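Trainee: The structure under discussion is supplied below as structure tokens; questions concerning it will follow.
The values are calculated or read from the model by the stated rules, or taken from the named source; none is laboratory data. The structure presented is a predicted model; accordingly, all values stated were derived computationally and were not measured. Cβ placement follows ideal geometry from the backbone for every residue including glycine, while neighbour counts extend to all protein chains displayed.
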Amino acid sequence: MAGQGVSTGKGTRRKVSPAVYRRRRVVVLGALIVVLALVAWGVFGLMSLMKDPAGPAAAATGTETPAVTPPATSASPSAPATPVCDEGRVKVTATTDKKVYGPKENPVLTLKVTNEGTVACPINIGTSQMEFLISSGQDRIFNSRDCMDKPNDLKKTLAPGKSETANFVWQRNRSVEGCRLITAKPGAGGATYVFQATLGQRTSDKAIFQLG
């Protein structure tokens with residue numbers, strides 16, 4: 001209908017109202033604020049991690065491992081000490097086979113060594129260590145060392161409670177050092193004599209007897 005001046009072609013734009021513009025600005029501004037808030041939060045969090053290295057991750061990796069104490073090794077038991085002989089418990093005694101002898105009887109003198117201790121003792125019981133001594137008062141009558149022929153050593157281990165003995169038959173004679181001949185005889189008729197035995201450094205008590 002020519003003549004009314006109304007155009008409906010596609011090139012014509014509709015004019016946007018001011019209210020629409022305002023709404024769009026509000027939306028854009030809100031979005032910008034959200035973006036800025038997110039950026040600020042991210043920066044703050046990053047700075048916090050940099051300032052506090054002992055955060056959860058660091059704490060997990062920095063956990064102190066308890067020290068492991070190696071088990072104590074028990075000291076190896078030392079070898080038991082070797083028992084030692086108690087020399088003071090080794091005793092020498094002197095005895096005679098009789099207390100009184102007739103005119104024709106020769107006394108049998110006995111030296112006895114006993115280990116009274118609890119540990120075995122090495123002892124030299126050879127004739128080189130023995131002495132049979134007879135005296136009467138201050139008179140030295142006889143000593144087996146004066147005329148000893150080829151003295152020897154005899155070493156033994158004496159167990160606790162054990163003994164060794166040696167016998168010597170006295171011929172009722174006198175002796176002197178060097179084994180010189182003496183014709184004088186010891187007195188008889190009830191004369192009293194003392195016998196003492198020695199083994200090494202050990203000397204017995206006195207044993208007393210009479211010659212008839």
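Trainee: Would you pick out the residues in the stretch 126-157 that are among the acidic types (Asp, Glu) and part of a strand (DSSP E or B)?
Mentor: Pass one, the stretch 126-157, residues among the acidic types (Asp, Glu): 131, 139, 146, 149, 153.
Matches in the stretch 126-157: GLU131, ASP139.
Trainee: Still on this structure: If you go through the stretch 158-182 one residue at a time, how many are outside any loop (DSSP other than H, G, I, E, B) and either out of contact with any Phe, Trp or Tyr (no Cβ under 7 Å at 6 or more places or on another chain) or modelled with pLDDT under 95 (or both)?
Mentor: From the stretch 158-182, those outside any loop (DSSP other than H, G, I, E, B) are 158, 163-169; that's our starting set.
Applying the additional criterion that residues be either out of contact with any Phe, Trp or Tyr (no Cβ under 7 Å at 6 or more places or on another chain) or modelled with pLDDT under 95 (or both) yields 158, 163-167, 169.
Qualifying residue count for the region: 7.
Trainee: Being in a strand (DSSP E or B) and surrounded by fewer than 17 Cβ atoms within 10 Å (Cβ to Cβ) is the filter; apply it to the stretch 96-113 and report the residue that is nearest to the chain's Cα centre (by Cα). Spell out how you get there, then give the answer.
Mentor: Kept after step one, since they are in a strand (DSSP E or B), are these residues of the stretch 96-113: 96, 100-101, 108-113.
Still in the list and also surrounded by fewer than 17 Cβ atoms within 10 Å (Cβ to Cβ): 100, 108.
Details: VAL100: 58, VAL108: 51 Å.
Selected residue: VAL108.
Trainee: Modelled with pLDDT under 95 and in a loop (DSSP other than H, G, I, E, B) - does that describe any residue in the stretch 190-202?
Mentor: yes
Trainee: Output the residues belonging to the stretch 125-154 that are surrounded by 15 or more Cβ atoms within 10 Å (Cβ to Cβ) and within 30 Å of THR82 (Cα to Cα).
Mentor: ILE125, GLY126, THR127, GLN129, MET130
Trainee: Sticking with this structure for a sec: Considering only residues that are exposed (fewer than 13 other Cβ atoms within 10 Å of the Cβ) and touching a Ser or Thr at 6+ places or on another chain (Cβ under 9 Å), which ones fall in the stretch 166-186?
Mentor: Step one: list which residues in the stretch 166-186 are exposed (fewer than 13 other Cβ atoms within 10 Å of the Cβ), which gives 167, 169, 171, 177-185.
Those that are exposed (fewer than 13 other Cβ atoms within 10 Å of the Cβ) and touching a Ser or Thr at 6+ places or on another chain (Cβ under 9 Å): ASN167, ILE182.
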